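Remarks on the structure that follows.
Any read-out appearing in this document is the output of simple, stated calculations on the displayed coordinates, not a laboratory observation. Note that this is a predicted model, so its numbers are computed, not measured. Neighbour counts run over all protein chains shown; Cβ positions are idealised from the backbone, glycine included.
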Amino acid sequence: MVRTTSFVQKLGDSVKKVSESKSSSWWYNHHMRAASRAIFERIPLVDLVLEVRDARIPLSSEYEQLRNFPSSSRNIIVLNKMDLANRSKTKEWMAYFKDQNYIPYAINSHNKDNIKEFLNFLQAKVRDIKRSKHFNNSETTTVMIIGIPNVGKSAFANSLHQIGRISAAEKGKLKHATVTPQPGETKNITSLKIASHPNIYILDTPGILPPEILDAERSSKLALTGAIADFLVDQSDLAQYFLSILNLSDEYKNWEKFSIIDNIENQIMNDHTQDFVVQAVRGALFQDISAFKGNLEEEKDMVQLIEAQFTTLIKAFNVSLDSFTDVNGVIASKLINLYRTGRLGHYTLDTIPRTCKC
């Protein structure tokens, strides 16, 4: 049994406390409640539902409200952020969902070719629906995009809108869905046109979490991938959780050629995403993990390694040690950002249920 238990429990307790207290203006606020009701009422009225999930957490990012509606050919699971997940694991998850009679599709919402392929797939699906219902091409098809916060719904909607309008050669000022790195920022349901002949409109909806999340492991995964607002959890705890995942993976083995740059303090360090900084971080983590002699299946040994990594990362990130700096907080923030942008490897955090035959 891998020893991430204490990190998971700490994060899970934090999230549970916030959700149960209802003290946060972010957690399931009146905007989320109103949007949840509006989505619930509209799902039966649309022609297709695209449930967007995070490819790194295909189960944990499930939109639970959709369970109230029977799965059918009208529902498509879209695994977004496939570029941040483990590629082979994404293929396994696709096979799993097909085995469960779902229609899955993996995408990177920022890849134009990928979006074009999906749009062609979606249009073919719409044509099938129209044939089965004897619609004519003049009638409008409505597709609703739903999902939890920060799975990339709005970016996905905008990409479909832009590619679709260009393909249809339609001119005029484009109407965009609001895209923000902060989860839970979309407040209203926005309609965007993505195709003509037949006309297809998508409804971009706010990200909704359930009123309570009692499972600590799911809470931790949602927090790490950014579905839960960062200010609700301690960033140092979040970084420790990520390091526990990294330390038990094989990702660091790809970083043997990197090392900490000796004169890194002479470089311009205002951007931790610069390649030389990222390489220094990779090299530091590789050295620490490779040199560690403890048993990472033991929690105390894992904690010992993570403490050493935080110390090493001070140099890699060139963090100031003056008395006004929250050193661990700075390191944690930078480390989480590099993880979320794929600069520190590609991880699929959910495991496929053992009942799968794929």
Summed side-chain charge close to ARG53 - residues other than ARG53 whose Cβ falls under 14 Å, Lys, Arg +1, Asp, Glu -1
+2
Rounded to one decimal in nm, the spacing of the 7 Å Cα→Cβ label points at GLU212 and ASN101 is 3.1 nm
Below 11 angstrom from the Cβ of LEU84, what's the summed charge of the other residues (Lys, Arg +1; Asp, Glu -1)?
+3
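Checking the table LYS257/LYS334; LYS16/LYS112; LYS91/LYS315; LYS17/LYS253; LYS10/LYS98 against a 31 Å threshold on Cα-Cα, which pairs fail?
LYS16/LYS112; LYS91/LYS315; LYS17/LYS253; LYS10/LYS98
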With a ≥ b ≥ c taken as the square roots of the eigenvalues of the C-alpha gyration tensor of the range 216-340, please select rounded if a/c is under 1.5 and otherwise prolate if a/b is larger than b/c or oblate if it is not?
oblate
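For ASN108, what is the net charge nearby, where nearby means another residue's Cβ is under 9 Å from its Cβ and Lys, Arg count +1, Asp, Glu -1?
Every neighbour counted, the sum reads 0.
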So the FRET efficiency between SER132 and LYS112, C-beta based with R0 = 41 Å and rounded to 0.05, is 0.85
Please state the shape class of the range 79-128: rounded when a/c is under 1.5, otherwise prolate if a/b exceeds b/c and oblate if not, all from the C-alpha gyration tensor.
oblate
Here, SER249 and ASP301, labelled 7 Å along Cα→Cβ, have an inter-label distance in nm of 2.1 nm
